[in-house]
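One structure is given here, and the rest of the page talks about it.
The values are calculated or read from the model by the stated rules, or taken from the named source; none is laboratory data. All values derive from a computational prediction rather than experimental measurement. Cβ sites come from the backbone with ideal geometry, for glycine too, and all protein chains shown count toward neighbours. SASA here: full protein model, heavy atoms, side chains in, ligands and nucleic acids out. Shrake-Rupley method; radii C 1.70, N 1.55, O 1.52, S 1.80 Å.
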Amino acid sequence: MQQHFSLAECDVVGFDLDHTLCRYHLPQSARLIYDSFAQYLVTEKGYDEGLLTLAPDSLDFCCKGLVLDIEEGNFLKLAEDGTVLRASHGTKSMTSEEILEIYGRKEWKHFNTVSGMVSRTAKYYLYDNYFDLPGALLCARVVDSLDQHDGQKKYDFWKDMVAAIQHNYKISAFKEDCGMYFPEVKNNPDKYLQRCPESVKKWLKQLKNAGKILLLITSSHSDYCRLLCEHVLGNDFEEYFDILITNALKPGFFSHTPNQRPFRTLENDEEQEALLSLDKPGWYSQGNAIQLYDLLKKMTGKLDPKVVYFGDSMHSDIFPAHHYSNWETVFILEELLGDKGTVPANAESEPLEKKGKYEGDQLKVPYFVSKQWGSFFMDRLPGLENAEETLVHTWSCKCISTYSTIAIPSLEAIADLPLDYRFTRFSSNSSATAGYYPSPPRALLPNEDSVMMK
């Protein structure tokens, strides 16, 4: 495989919507998501009212890549070989001794399924995107509360958490003004949504003018998609894309066959009958990557059109697009913004509004680098007192270099580059830091005693 990747070589450029094309004000949206789940647990399921109040810095608990061991009420941060690097019972961090006693220095029992990207079972839950993440803090506080009141050893709250998620995010919730999440975003879009920078809009037009086919593939339903796109891109948002696919139900969009997940047309945001094939560009619902690719062959006149897909979820976007469809993948990783290593060298001389896209975010966002969980990329193995400490890559970090072509903090980071810019890609024969742009996270740089580990 060649060492470089260039958008100029791609025929088709696809985008996820949430946290990719549409970025959120994370502290505000995290609080809203937390409140929307907590409100449901308290009012509908009778959980402790204390869950409704949040200490100012408690969102620090939220860290992408955590796995909740549901039965034990433990949150785990895994190394690339599946051993446990850090853990907490509820919100309370476990000591190195406790981790070694419970989990030992061996692969966590469910690592095989979690590393196959099976993220949802009755045994564990993988937190890998900002829509889920505030739920991790809520679950941790539920465990604290159950310990305090019932002193139980096995936990049975998960079905209620699933009900809370479904209540707030179900497909009809936007239309019915149901739950807390959609009504609030509808009424205060500026509070939660960041408008798309002009540089990114210009770049999308540039891609189209260069003859690229542009796709939008989102699991959001069409009504919410329209609200987001009108707000962040403008009322003419449909002109940016050749094909829009909403309610795509990723990762199933990539892994399911046409008869398992046919495309449907939409009328007034209502899904219509299933289509036997996808014949022309337009706006569709559900669907599958196989029939989409057949249409892309027709549109490009090529037997093997090259597709690149941009997304922020390893589980729903990057892994399945790479694994099932063999597409190039660009991982949008906002955690790179919280890492001093990505502030450009010339940041001092840049005007303030341009610096803001790197440094302002760092100050405002509570959980790019969690104090409790440390670096998203590296950590020390839990050792006994005075033992020599060993630094290892996290499992999340390993996934990035395995399944993504490149990783960037935002679309804005590459919007001003020429389309034929040659990115160094992640590959088995290059270093683990090769595919990060504009620069690798500081935690991965050699001889760097990073503050994030401490």
Checking H167, H149 in turn, the sole residue that is out of contact with any Leu (no Cβ under 6 Å at 6 or more places or on another chain), in contact (Cβ under 8 Å) with a residue 60 or more places away in the chain and crowded, with 16+ Cβ neighbours inside 10 Å turns out to be H167
D69 vs. criteria open to solvent by 40 Å² or more (accessible area, probe 1.4 Å) and either assigned by the TED database to the domain that holds Y130 or of a type outside the set (D, E) (or both):
no
Among the residues of region 253-274, the number that are open to solvent by 30 Å² or more (accessible area, probe 1.4 Å), in a strand (DSSP E or B) and not small (G, A, S) is 8
Filter region 304-317 for residues that are within 21 Å of T257 (Cβ to Cβ) and not aromatic (F, W, Y); the one that is surrounded by the fewest Cβ atoms within 10 Å (Cβ to Cβ) is D304
Exactly one of S172, S199 is of a type in the set (S, T, Y), surrounded by fewer than 20 Cβ atoms within 10 Å (Cβ to Cβ) and within 22 Å of Q286 (Cβ to Cβ), and that one is S172
The correct count of residues that are over 23 Å from the mean Cα position of the chain (by Cα) and part of a helix (DSSP H, G or I) in region 195-211 is 7
Taking region 75-86 and keeping residues more than 17 Å from E389 (Cβ to Cβ) and buried (at least 24 other Cβ atoms within 10 Å of the Cβ) leaves F75, L76, L78
Condition test on K212, is it in the same structural domain as Y309 (by the TED database), open to solvent by less than 60 Å² (accessible area, probe 1.4 Å) and either among the basic types (K, R) or out of contact with any Lys or Arg (no Cβ under 9 Å at 6 or more places or on another chain) (or both)? yes
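Report, by residue number, each residue of region 175-196 that is open to solvent by 40 Å² or more (accessible area, probe 1.4 Å) and either without any contact (Cβ under 8 Å) to a residue 40 or more places away in the chain or under 20 Å from Q28 (Cα atoms) (or both).
Residues satisfying the conditions are E176, D177, M180, E184, K186, N187, N188, D190, K191, Q194, R195.
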Residues of region 228-252 being closer than 26 Å to K205 by Cα, open to solvent by less than 40 Å² (accessible area, probe 1.4 Å) and assigned to a helix (DSSP H, G or I), in sequence order, are L228, C229, H231, V232, F237, Y240
